[in-house]
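This report concerns only the one structure given below.
The values are calculated or read from the model by the stated rules, or taken from the named source; none is laboratory data. Everything numeric here is computed off the predicted structure, so don't read it as measured data. Every residue, glycine as well, gets a Cβ built from its backbone with ideal geometry; the counts of neighbours run over all protein chains shown.
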Amino acid sequence: MTLKTELLREHLRNWREKLKQDSVRAENDRAERAERLAYYQEQTAEKIRAMGEEELYEYIAKLWAMLIWGNKKYVVDKLIQENGFKKVKDELADLVWGEKPIEQRWDRFRSAIKGMGPAMMSEILCHARPEDYVLWNRRAYVGLRYLGIDDLPRYNYQLTGKRYHNLCDTAKVIAREMQNEGISEPDLLTVDFFIWDELQVEENLSQIHKKALTSDGVVSDEVQKTEVGSNFLHNEVRDKLAEIGLWLGFTAKTEVKVADGSKVDAVWEATIGNMGRVIYVFEVQTKGSIDSLILNLLKSLNNPAVQGVVAVSDAAQIEKIKKHAGSVAQLSDKLKYWDYKAVLQVHEALESVNESINSLGLVPQGFLGF
């Protein structure tokens, strides 16, 4: 950790003065924190396990991480459908209130539950246990990177339980500095408000797509750095492909059977005028047999509604896939290629757009029935 302590203290003093000058805003912020903490701390493990669907919906829909979705009910319904109602509640209860170290609880939840990533997980943890756990999202990444913290997890698949534990320790250092600067009773949710209010200046936000530097100043291509193996990367890219499709107006699903013997990672589907149903198929390749990927895509083309197939992988793998696919006449004309680094960047950009638009409240909840 290379926290720029003097820079942090400068911004803490500036933030403290801004809140002094705008007492109404300061009080509103305190009230919002208190309301969120009261609600999530009241939801004990027993209460989470006993929740009905409406109560679970409220528990998840209240999260700031849900602002990217115009139709929050769709997201919660999909979470239940893909994982099972009881399983979601049991795993949430264990994540938040379990007795095992956070490293183990975090990694277990990531492996067990589809459709709830680190932003939602960490927000729930921060609201329920603000002395222990930090809220981690794109804004936190920007803020801590600005303060000099190196080797931060840029993408979800990089955020293991161990790395999350380390981020919480870093946030606790910031909280101690807050107390030293006269900010009363700071917890890690207060740290999040500080990061959001004070460290999101324009020049910081403009850095988000630039490659990170390691501690010795070497450019780091973080997408290639997998600590948790290719499964988490595969699942993150798969899920984000579906979310990109939804934001673009398609019906999008993951792990879909499109033909006999062919189950693909993601599909985008639309009904277009007199063309009828149109399907685009995506297969993510992070490990395994390229021949198997090609065969799977080839089988998906047996479905006449499939108009295009896309292989998603890193640059080196894409070149190998191109060589293998070049000799398959039925596939080569329809096969497209998408670097998964670009997928993650596109998702990040669309996420920011949707968050901004949905914060305006222009579309009533439930209007967007994907």
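Evaluate the range 206-216: report whether one residue or more is modelled with pLDDT of 95 or more, closer than 28 Å to D239 by Cα and assigned to a loop (DSSP other than H, G, I, E, B).
No: zero hits.
Being in the same structural domain as L241 (by TED's automatic domain parsing) and crowded, with 19+ Cβ neighbours inside 10 Å is the requirement here; does L350 meet it?
Answer is no for this residue.
For R138, state whether it is within 19 Å of M66 (Cα to Cα) and either surrounded by fewer than 19 Cβ atoms within 10 Å (Cβ to Cβ) or basic (K, R) (or both).
Spelling it out, R138 is indeed within 19 Å of M66 (Cα to Cα) and either surrounded by fewer than 19 Cβ atoms within 10 Å (Cβ to Cβ) or basic (K, R) (or both).
Report, by residue number, each residue of the range 11-34 that is over 15 Å from V191 (Cα atoms), without any contact (Cβ under 8 Å) to a residue 12 or more places away in the chain and surrounded by 11 or more Cβ atoms within 10 Å (Cβ to Cβ).
D22, R25, E27, N28 - these are the residues of the range 11-34 that are over 15 Å from V191 (Cα atoms), without any contact (Cβ under 8 Å) to a residue 12 or more places away in the chain and surrounded by 11 or more Cβ atoms within 10 Å (Cβ to Cβ).
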